[in-house]
Number of protein chains: 4
Amino acid sequence: MLRPFPRGLVGAAPAPRPYTLSLHPVPTLTAVNRDEYAHWETVPTRWKDNDLYGHVNNVVHYALMDTVINEWMIKTAGFDPVTSPAIALCVESHCVYKAEVSFPDPISVGVRVGKLGRSSVRWEIGMYRPDGALLAEGHFVHVFVDRNTRRPVEIPGAIRAEMERLAA
Amino acid sequence: MLRPFPRGLVGAAPAPRPYTLSLHPVPTLTAVNRDEYAHWETVPTRWKDNDLYGHVNNVVHYALMDTVINEWMIKTAGFDPVTSPAIALCVESHCVYKAEVSFPDPISVGVRVGKLGRSSVRWEIGMYRPDGALLAEGHFVHVFVDRNTRRPVEIPGAIRAEMERLAA
Amino acid sequence: MLRPFPRGLVGAAPAPRPYTLSLHPVPTLTAVNRDEYAHWETVPTRWKDNDLYGHVNNVVHYALMDTVINEWMIKTAGFDPVTSPAIALCVESHCVYKAEVSFPDPISVGVRVGKLGRSSVRWEIGMYRPDGALLAEGHFVHVFVDRNTRRPVEIPGAIRAEMERLAA
Amino acid sequence: MLRPFPRGLVGAAPAPRPYTLSLHPVPTLTAVNRDEYAHWETVPTRWKDNDLYGHVNNVVHYALMDTVINEWMIKTAGFDPVTSPAIALCVESHCVYKAEVSFPDPISVGVRVGKLGRSSVRWEIGMYRPDGALLAEGHFVHVFVDRNTRRPVEIPGAIRAEMERLAA
């Protein structure tokens, strides 16, 4: 279950690209096939994403999951978080960190739908650095609930139809 | 695996206390025994912790884990994140959300050590609202690495000794 | 207008207290009389408040202003940000930084009302470290607007009455 | 000094664009000439940038200033925040908010150097919405200090030379 940072591979780190700040180069891992993610966004980092250790803090990865998923729901699936009677609440999230990245490097975020239930959807996410290294993998479970009662409701049909196009 | 917000119990929500803002009262769950957490901190929320849905955003829970664990390591276990040759990096985190909470409610965070390895420690965390409701449960895995090489090292003895006092 | 960090006074820095982490001790300034602030909250910092330079990032000070002011409005002045027809929007903010502070040090925040208009209120804020050093001074202007039209409205009478008790 | 949201112009709000979520349309203001900013970045917003009121919280604007300025210093002026003996600390910041914007709208940030001193630089910033509306104007003062002593030092020559190209 525990996946520590890899031993003995530091010498294999890719050369930093001119436009990035590679504070702590970590070797590329290739556990996940990037082709399996159906939707991609490249998200820039912010100065304050870096913590005392000079790398993007572990909390930020969840903010990126939340952002890329909701942006897709709004722009592609037509979800309106202000007016929709059904809203999507996060009931579970998880992340395994494989490498470090630092501002001002952007992060490429790939998303697919791992499991699509009646009320819930499990998003699966991979994050990559500009040098192609796998940064982190995670999942994020949304349950659609009535905005007022907070009881689970069916995923609206138009949104579900779009989600099916992201299914693994 | 998926634990949605509970159905059919909304009427049982506790009465809001005078000093809290209960935007979305959710019934108390009692899946976890609070006595099992050895260390506690009560952390106030911030205005911007609330997102568009009027509740503390799912990302914030990880910031609180990171905060309470590191504060304990600094104040109780003598860890100095600025000068210590060994630093603790997060390699995995997870959270299951059981209820909602809103600023300005504070959150009580309980922590224990679930598994203590040679280089790594698995923290287990429970978060509670002022009305006693279980808000979220999660875990957070730290690996101690050399600050410069980022290769795993043994947990320093003095810190390990303190961690053993938090063991489940 | 520009107030750089002071020269030549580093030797006068106060001794760090046992329970704080004084990464970058800076001498105490006494430009502001603490007695002039009518309301006080002590707010803990969070791990991620520290940026790459090992100190609380300049952005965080504004989050604390927003938090302490809104918490006072909710708990003391009876403001409900979810249901109130009039909401308070920030139209201007400002901060001058006099010293550094680092997690896990808490920050003491003093607040007073500098100017109370028909629709607007100017909050004046001082922030202090545990060793008593002045950390930052700022102001924050709220305009009350109708939640739906966003046009300015009068500050509700009950809230105004409480604000007058914080007037400079 | 106080600049409230404008009255009586709501009918003139621009039509929302198909790809944006205009929760709270506010008329365009034209107090500032966009041509006066020498450097531009368009920064996407994040889900959690929106606060309870459904718009990007006032604190976020400062995070964007910090981000765009530091990114320019790193990528264009060759500043390395990890190794440089001289680092740039914020000693003052200010923002006036003219309109609202909401995730997932991106924000266009224009920057110029308003005053270039021996140790300090005053950045002037304008932020715009996708519909062209002026969102906020602010300034941000950096003082270069020695990383260890925190005493002011001269702005490094290579960085100063680049800054002069952004001068107002």
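The table that follows gives values for the structure above.
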item	result
Lone unmet requirement of (1) within 13 Å of chain C (Cβ to nearest Cβ); (2) over 25 Å from residue B:50 (Cα atoms) for residue D:75	(1)
Residue identified as closer than 30 Å to residue C:113 by Cβ, in contact with a strand residue (DSSP E or B) (Cβ under 7 Å, 6 or more places away or on another chain) and either more than 11 Å from chain D (Cβ to nearest Cβ) or modelled with pLDDT under 50 (or both) among C:7, C:3	C:3
Matching residues, the stretch C:135-156, being under 21 Å from residue C:113 (Cβ atoms) and among the acidic types (Asp, Glu)	C:137, C:154
Filter result for residue A:45 (under 17 Å from residue A:129 (Cβ atoms) and either surrounded by 22 or more Cβ atoms within 10 Å (Cβ to Cβ) or modelled with pLDDT of 95 or more (or both))	yes
Count - residues of the stretch C:118-155 that are away from every other protein chain (no Cβ under 11 Å) and within 24 Å of residue D:52 (Cα to Cα)	5
Positions within the stretch C:64-110 being of a type in the set (Phe, Trp, Tyr) and more than 16 Å from the chain's Cα centre (by Cα), in sequence order	C:79, C:103
Test: residue B:32 is more than 10 Å from every other protein chain (Cβ to nearest Cβ), modelled with pLDDT under 95, on the phi < 0 side of the Ramachandran plot and in contact with an Asp or Glu (Cβ under 8 Å, 6 or more places away or on another chain)	yes
Selected residue (only one of D:133, D:158, D:168 is over 24 Å from residue A:43 (Cα atoms), modelled with pLDDT under 95 and among the aliphatic types (A, V, I, L, M))	D:168
Within the stretch A:64-87, tally of residues that are aliphatic (A, V, I, L, M) and touching a Phe, Trp or Tyr at 6+ places or on another chain (Cβ under 7 Å)	5
The stretch C:49-71: number of residues that are free of Cβ contacts under 8 Å to residues at least 60 places away in the same chain and out of contact with any helix residue (DSSP H, G or I) (no Cβ under 6 Å at 6 or more places or on another chain)	8
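Conditions tested, residue by residue: (1) within 13 Å of chain A (Cβ to nearest Cβ); (2) not hydrophobic (A, V, I, L, M, F, W, C).
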| site | (1), (2) |
| --- | --- |
| B:59 | yes, no |
| B:79 | yes, no |
| B:107 | no, no |
| B:115 | yes, yes |
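Residues are listed down the side, and each one gets a yes or a no for (1) out of contact with any strand residue (DSSP E or B) (no Cβ under 6 Å at 6 or more places or on another chain); (2) of a type outside the set (A, V, I, L, M); (3) in contact (Cβ under 8 Å) with a residue 24 or more places away in the chain:
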{"position": "B:95", "(1), (2), (3)": "no, yes, yes"}
{"position": "B:101", "(1), (2), (3)": "no, no, yes"}
{"position": "B:108", "(1), (2), (3)": "no, yes, yes"}
{"position": "B:113", "(1), (2), (3)": "no, no, yes"}
{"position": "B:118", "(1), (2), (3)": "yes, yes, yes"}
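The values are calculated or read from the model by the stated rules, or taken from the named source; none is laboratory data. Not measured: the values here are computed from a predicted model. Backbone-built Cβ (ideal geometry, glycine too); neighbour counts: all protein chains shown.
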